[in-house]
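Novice: Please find one structure pasted underneath; my questions will follow.
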Ligand code: HEM
């Protein structure tokens, strides 16, 4: 199967939907962090819709990440640019792999930390979301480097679907 020349409309929509949901998870996590602390202290933790929102948005991210991975394998993705030094190509590929792995591992550890209340999994969930933040910052730096220094048009690739 030859690689497509551009991302499909679905791949682009999924990318930006996941970005929006992840931003919401980082901005609106305080209620679930507070409830987890209450549960650890055996204090009352009444139903809070903001907590449910974190859980549903997280599960949606898990489903959308699986869908993206499926499309990447079965529909394909445009061949990565050959421009630039080897380290930039290597870090770009590895940062994409790490993002996929974390988008699956973070909701899984969150779900195990929340539903059976396994606190070690919740602690891992918290540690992994710090890793995701670090990888996303590296991803943004690489996009800026490709856009500004190499001029390979990475933003255009995530904006214009294959005709
Ligand atoms: C990719 C999806 C997700 C992201 C990016 C995410 C992000 C976060 C963030 C930023 C925090 C705050 C960590 C801190 O206090 O420093 C948090 C806490 C938490 N999240 Fe998630 N989350 C996701 C999915 C989920 C899911 C699916 C569940 C449950 C079904 C969940 C359950 C929890 C719990 C229980 C906490 C509190 C952990 C603790 O304080 O020990 N998360 N999450």
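Novice: Using Cβ contacts closer than 10 Å as the measure, can you line up 136, 126 from fewest to most?
Specialist: Ascending Cβ contact count within 10 Å gives the list 126, 136.
Novice: Under a no-solvent Debye model with one identical scatterer per Cα of region 19-142, what's log10 I(q)/I(0) at q = 0.23 Å⁻¹?
Specialist: Treating every Cα as an identical point scatterer, log10 I(q)/I(0) equals -1.41.
Novice: Would you mind checking region 28-53 for residues with the amide N under 13 Å from a putative spin-label position 7 Å along Cα→C-beta of residue 21?
Specialist: Answer for region 28-53: 53.
Novice: With the contact rule set at Cα under 8 Å and sequence spacing of 6 or more, what percent relative contact order holds for region 1-108?
Specialist: Working: 61 pairs, mean separation 43.0, N = 108.
Once normalised by length, the contact order is 40 percent.
Novice: Which length gain, in nm to one decimal place, applies between residue 100 and residue 147 when the Cα-Cα distance is subtracted from 0.36 nm times their residue separation?
Specialist: So the chain would gain 14.7 nm between residue 100 and residue 147.
Novice: For labels at residue 74 and residue 159 in the simple 7 Å Cα→Cβ model, what's the distance in nm?
Specialist: Taking the simple label geometry, residue 74 and residue 159 are separated by 3.1 nm.
Novice: Follow-up question, since we're still on this one. Would you calculate, for the chain, the mean residue ellipticity at 222 nm contributed by helices, counting each DSSP H stretch of 4 or more residues as -39,500 (n - 2.57) and dividing by all residues, to the nearest 500?
Specialist: Result for the chain, helices only: -24500 deg cm²/dmol.
Novice: Now a separate question. Once the Cβ-Cβ distance between residue 5 and residue 137 is put in as r, and R0 is 25 Å, what FRET efficiency do you end up with, to the nearest 0.05?
Specialist: Computed FRET efficiency for residue 5 and residue 137 comes out at 0.30.
None of the figures in this text is laboratory data; all of them are computed from the coordinates on show. Everything numeric here is computed off the predicted structure, so don't read it as measured data. FYI the Cβ positions are ideal-geometry reconstructions off the backbone, even for glycines, and counts take in every protein chain you see.
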